[in-house]
Structure formats: structure tokens, C-alpha cells
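In what follows, a structure is listed as C-alpha cells, so that the remarks can point back to it.
The values are calculated or read from the model by the stated rules, or taken from the named source; none is laboratory data. Being a predicted model, the structure only gives us computed values, none of them experimental. All Cβ positions, glycine included, derive from the backbone under ideal geometry; neighbour counts span all protein chains shown.
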Amino acid sequence: MERARRKLPAIMQKENVNILALESSCDETAAAVIQNGRTILSNVIDSQIALHQPYGGVVPEIASRQHVLAMERVIAAALQEAGLDFDGLDAVSVAYGPGLVGALLVSVSAAKAIAFAHDLPLIGVHHIEGHISANYLAHPDLSAPFVCLVASGGHSHLVKVTKGGILTLGATRDDAVGEAFDKVARALGLGYPGGPLIDKIAKEGNPDAFHFPRVMMEEDNDDFSFSGLKTAVINFLHNLSQKGEQPDVADLAASFQKAAVEVLVAKTIRAAKREGIGIVALAGGVASNSLLRETLQHAALANGLRAVYPPPVLCTDNAAMGGCAAYPHLMRGELMDMTLNAVPDLQLAERLGND
Ligand code: KG4
Ligand code: ZN
């Protein structure tokens, strides 16, 4: 790794710096080439959704094995799409946590092997730091500070992104919001992954048909809780089935979605106003949700704030976001060595971010 570190001064002088970014924390095998932290030269995502569908959720063992099968092909495709070979790369990055340990290990091992074989600097990024950075790819003019709602299958965080780093303002006390979408979708018989299916069917339903609790909406903190909302929907379904009645799936999906989105948006806007920050952003798989995007946009406008979010392809897991997050680490010489390991519960520590 010393040879890779010695390349740093020259890399910092280069006009174009190309990072190969890898991602395999859950059920997407992904590789991307990112130039100068903001330009996507390629973004290849190999989704395993079809493999996990019969089980109604991600099966970790299947995910790891599929990552092993797909990783080389996905890397080759990302290089080809970028029109580069390994010699055209300046660094390799990998999201080393949080996620499923067996899944993470595949891209961590691949990134280490590539860094070792080609004497490339190795950068480790936090998966959520990546999700947040997707906003920079979508809005090249974006600059910190902004408040970002990170809503995915594993996380519901409200963070403040400043030029100096990422500060957690609040987080879910129980289920992540994506998890609630997935569990409610399963209870409604919609299948997996639940988020996009609820988003779709909710468009045909009445969001005011049922009133579900807006948990912690009025509480004076930036935390969330989605377990109670999920349980309220599931209990409602049980009561109906005991009475032998059929649920109106579209109305239930729409009412659940509205309850979740209202809390997410209200707390995001309130945090931005309290912090005196003019930009609110979305990140993570749930940031694809059409009602969340619309509602945040409207609320931001009404409060004189700017709302930004990445296109759906950069909201769900991808490697491009990691390449964007890796760039400032590379430029500051924050490199990993061959001891880098997957960290399934990696904390979103205060760390220097992209500005
Ligand atoms: O960020 P992501 O791809 O993986 C994690 O890091 O967890 O997020 C996946 C989550 C799943 O829970 C999925 O149901 C949810 O994002 N999701 C959505 C939508 N698209 C994906 N939730 C609500 N509406 C959507 N359109
Ligand atoms: Zn994710």
C-alpha cells in the first residue's frame, strides 16, 4: 500500500481523477466509475430482487453467493461503460458497512484485490455517507450545509451535512421506515420489495380513508419511530380478517404511506428551520417514494427552503454514490490498507464529508 500512497501527490494534481467504486452491502451488486467526485462515467447495478422474491425478503446466504457470482462481471461492465481499463483508474473505493457481513465481504475483498494488484489507493466509505452523496451527483451545484433525511431499508436518520462533516440529529428508535414499508406490503399481500409496490398501489387509493398514528411527530426531537405505525396497520388487518372482511389494499397503502411521509417531512423541515439551514435533501431507497418527494417539495416551498433529491436510480443502492463520497477522502489522503474488513454495524460517525 506504500506504493499506492506515494501516488497521492500526483493524483491530487491530476485534471481528471477516476475512482472505481464497489458496493454489495445488501441485494445489489454494483460498480461505478466516478470522475472528480461528481461525474458518473458508468453506473452498473445487478439487482438480486428476483432471487429473493420467493422468500419475501433478502436471504443473506443467497445474497453473498450471488455477489460472488456477479462481482467480476459487474466490474468489467463498469470499466467498459466508462471506456477505461484498470490503468485508467486512480483509486478504488468500497462501502465497507453497514450491511450484511457476508455480502459486504465480497466487494471489500474485490476492492482490496484490485488495489493490491494495481497499486491503487483504497478508500472505505460508509454506505449512508454514500446515499447522502448521491445528492451531489444529481445536483452538481449543491454545497453544504443541508439537512438530509436518510430513509432506507435499514436506516431512518436525520443528519446535518456541513462542510466539516456529517452530524446525526436524530434516528429511528425502532424500525427503519423502509422496513415498515416492506412489512406493511407483506401484510397487505403485495410482495417484496414493498416500498415501490406501496408507492404504486397507493396512487389508486384514498390516503384519508383510514387514520394511522403520526408517531413522534409533535415530539421536540429529531427521532422517529415506525414500529407503532406498522403494528397499527397490521392490527387493523387482523381485525378485518376476524370479521371476515376484505381490506381495501389501495386505501390502506395510501393511508399508511401518508402517515409515514407526513412525519418524515414535518420533522425534516422543522430541523432545517431550527438549524437555520436553507436546503433539505432526501437519500436512501425510500427517497424514491413519489409522495415523499412531492410532499417535501411542497413543504420546502411553503417554508422558503430548497428541496433536493437524487433520481430513483441513485436512491436505491448503487456504487456511484460511494465513488462520490470517496473522492474527498482520497483528496485528503484518508486511505485504508489491506486490513480493511467489512463492518456490519459501522456507525455513521462524525466524519469529514463532501463539500
Ligand atoms: O437504500 P436501499 O436500496 O437499501 C438499504 O440500504 O436499505 O433501500 C431499500 C428500501 C426498501 O425498504 C424498499 O422497500 C424501499 O427502500 N423503497 C421504497 C421505494 N423504493 C424503494 N420505499 C417507498 N417507496 C418507494 N418508491
Ligand atoms: Zn442503502
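Take Val233 and decide whether it is closer than 30 Å to Leu120 by Cβ and β-branched (Val, Ile, Thr). No: the conditions fail for Val233. If you go through segment 216-246 and keep only what is charged (D, E, K, R) and crowded, with 18+ Cβ neighbours inside 10 Å, you end up with Asp222, Lys230.
Residues of segment 264-301 that are touching a residue at least 12 places away in the same chain (Cβ under 8 Å), more than 14 Å from His157 (Cβ to Cβ) and of a type in the set (A, V, I, L, M): Val265, Ala266, Ile269, Ala272, Ile277, Ile279, Leu291, Leu292, Leu296, Ala299, Ala300.
Hey, which of the helices (runs of 4 or more DSSP H) in segment 254-355, taking only ones fully inside, have at least 2 residues that are away from ligand 2 (no atom under 15 Å from the Cβ) and of a type in the set (A, V, I, L, M, F, W, C)?
Numbers: elements: 290-302, 312-315, 320-331.
Correct list: 290-302, 320-331.
Of all residues in segment 1-30, those being within 16 Å of ligand 1 (Cβ to nearest atom) and of a type outside the set (Ser, Thr, Tyr) number 7.
If you check Val161, Val150 for being part of a strand (DSSP E or B) and either on the phi > 0 side of the Ramachandran plot or within 12 Å of ligand 1 (Cβ to nearest atom) (or both), only one passes: Val150.
Yes or no, residue by residue, for (1) modelled with pLDDT under 95; (2) surrounded by 19 or more Cβ atoms within 10 Å (Cβ to Cβ); (3) not assigned by TED's automatic domain parsing to the domain that holds Gly323:
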| site | (1), (2), (3) |
| --- | --- |
| Gly88 | no, no, no |
| Lys112 | no, yes, no |
| Val125 | no, yes, no |
| His139 | no, no, yes |
| Gly153 | yes, yes, yes |
| Asp174 | no, no, yes |
| Val177 | no, yes, yes |
| Ala180 | no, yes, yes |
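Applying a threshold of 8 Å to beta carbon distances and a minimum spacing of six or more residues, or different chains, the list of pairs starting in segment 130-149 at a residue that is under 15 Å from Ala325 (Cβ atoms) and ending at one that is in a strand (DSSP E or B) and of a type in the set (S, T, N, Q) reads Ala144/Thr162.
Tally time: how many residues in segment 199-215 are of a type in the set (A, V, I, L, M, F, W, C), exposed (fewer than 15 other Cβ atoms within 10 Å of the Cβ) and closer than 18 Å to Thr295 by Cα?
0
Pick from segment 200-228 the residues that are within 16 Å of ligand 1 (Cβ to nearest atom) and farther than 21 Å from Ile269 by Cβ: which of them is modelled with the lowest pLDDT?
Filtering segment 200-228 for residues that are within 16 Å of ligand 1 (Cβ to nearest atom) and farther than 21 Å from Ile269 by Cβ, the one modelled with the lowest pLDDT comes out as Ser227.
For segment 31-43, the count of residues that are out of contact with any strand residue (DSSP E or B) (no Cβ under 7 Å at 6 or more places or on another chain) and at positive phi is nonzero.
Restricting attention to segment 247-284 and to residues that are crowded, with 24+ Cβ neighbours inside 10 Å and farther than 23 Å from Pro213 by Cβ, the residue that is farthest from ligand 1 (Cβ to nearest atom) turns out to be Ala272.
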